[in-house]
Amino acid sequence: MHGLTQRAGQAYLEQREREAAALSENPDGYRQVGGRPNGLFCVQADGGFVPTREGQEGMEGKIAKLWWDYFRKKRGTRPVIREKGYVATFQGAETLGELALALSIAMGATEMTPLLLLGDGAEWIRKVLWEIYFPWAVYRLDWRHLRNYVWRAVRVMWPDPARQVEQGRRWVQWLWDGCVDEFLAEVRRVPLRRPAAREARDKLLKYVADNREGMGCYHLWYEQGEIISSSVVEKAVDEVIVRRQKKRGMVWSRAGADVVAALRSLWLTGEGLWERFWRGQPLLVREHAWSPI
């Protein structure tokens, strides 16, 4: 089974590389045509670490999940994503960007398509995926990561639990309401003596400043039913990496982890691509490959 996985995975990696190059060279020749009930195309990206033979800290697999936003979710309801695609790699952000862009082309997205790129604030999501591969996208910082970053900083900045709660609630509410400039101004004015507290404040300021373009009035976005959470791709990390590659006693080489992640992302994408791969047929580089459901 191990040998079959390695051979099949390597064959898929080579086919994926060829088709991604073809899609980049001739996007209009393979792009799915036809409109969608809702024209918004969504890309979410995240990473997950697995134990490795290459070092003690593990290595990060990067994942992107792409879908057409068929729904405009209502408050209190759970949307169902039907037309979706996964790409995953342990080879770095540039490789993930190339794969995600190729898949988006096959799914029908163009530079005229409204596109939402949502992430947890990691530098590679902004600097590589957004600035290089999806520069026309609207970037949005995941609300939960922002909120949790504030609370972690507050707990270090003040030892008094009551002050932590008071300040944390105040700052989280400001950010929820989109008062980012007021938040930054107040955080800068906070007098702190302990080195650890100053370091926590500086990290918080940098995190918010770096992701300033991806922030806004989360309260308004939420009321309008817009996406403010990266939970979709966090679930994808669990499906692609965690369930298969983080079992007890597992240690991975980069090549081995890449093969398994690639095959699982192909299987999860659906659309008959898994069956087409085993029949030796083209996957993405087909005329009008992605048929709307």
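Please treat every number below as a calculation from the coordinates, not as lab data. Only a predicted model underlies this, so the values are computations on that prediction, with no experimental measurement involved. In this analysis, Cβ positions are derived from the backbone assuming ideal geometry, glycine residues included, and neighbour counts consider all displayed protein chains.
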Note to self: If I stretch the segment between residue 276 and residue 231 completely, what's the gain in nm (0.36 nm per residue apart, minus their alpha carbon distance), one decimal?
What the structure shows: 13.3 nm
Next item on the list: Considering only 283, 23, 205, give the residue with the highest GNM mean-square fluctuation for the chain, with springs between Cα atoms whenever their separation is below 10 Å.
Entry: 205
Check: Considering only 137, 161, 185, whose Cα is most displaced toward the positive end of the charge dipole of the stretch 133-195, charges sitting on Cβ of Lys, Arg (+1) and Asp, Glu (-1)?
Finding: 161
Check: Between residue 112 and residue 250, what length in nm is gained on full extension when 0.36 nm per residue of separation is reduced by their alpha carbon distance?
Finding: 45.3 nm
Notebook entry, point to check: For the Cα atoms of the chain, what angle does the longest principal axis make with the long axis of helix 161-176, in degrees from 0 to 90, nearest 10?
Noted result: 50
Checklist line | Projected label distance in nm at residue 193 and residue 173, using a 7 Å step from Cα toward the beta-carbon | finding: 2.9
Check: Charges only on Cβ, +1 for Lys and Arg, -1 for Asp and Glu: so what's the dipole of the chain about the Cα centre, in debye to the nearest 20?
Finding: 1160
Next item on the list: With a Förster radius of 22 Å, plug the Cβ-Cβ distance of residue 127 and residue 148 into 1/(1 + (r/R0)^6) and report the FRET value to the nearest 0.05.
Entry: 0.50
Next item on the list: Considering only 59, 250, 157, give the residue with the highest GNM mean-square fluctuation for the chain, with springs between Cα atoms whenever their separation is below 10 Å.
Entry: 250
Next item on the list: Quick one: compute the contact order of the chain, relative version, from alpha carbon pairs under 8 angstrom and 6+ residues apart, as a percent.
Entry: 28
Note to self: Quick check of the Kirkwood formula: for the chain, what is the inverse mean of 1/r over all pairs of different Cα atoms, in Å?
What the structure shows: 20.7
Margin query: Show log10 I(q)/I(0) for the stretch 144-214 at q = 0.13, 0.23, 0.28 Å⁻¹, two decimals, from a solvent-free Debye sum over equal Cα scatterers.
Written below: -0.32, -1.05, -1.58
Margin query: Suppose R0 equals 51 Å. What FRET efficiency, 1/(1 + (r/R0)^6) with r the Cβ-Cβ distance, do residue 21 and residue 166 give to the nearest 0.05?
Written below: 0.40
Checklist line | Residue-span extension gain [residue 243 to residue 7] - 0.36 nm each, minus C-alpha spacing | finding: 82.8 nm
Margin query: Given the DSSP H assignment, sum -39500 (n - 2.57) over each helix run of at least 4 residues in the chain and divide by its residue total; what's the result at 222 nm in deg cm²/dmol, nearest 500?
Written below: -14500 deg cm²/dmol
Item checked: Ranked packing of 103-116, 210-223, 177-190, 254-267, most packed first, by mean Cβ within 10 Å -> 254-267, 103-116, 210-223, 177-190
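As a quick test, which of the pairs 62/247; 65/127; 84/203; 127/246; 203/246 have an alpha carbon distance above 26 angstrom in this structure?
84/203; 127/246; 203/246
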Checklist line | Estimated dipole of the stretch 144-214 in Debye, rounded to 20 [Cβ of Lys and Arg +1, of Asp and Glu -1, Cα centre] | finding: 340
Check: If packing is taken as the mean number of other Cβ atoms within 10 Å per residue, what is the order of 135-143, 13-21, highest first?
Finding: 135-143, 13-21
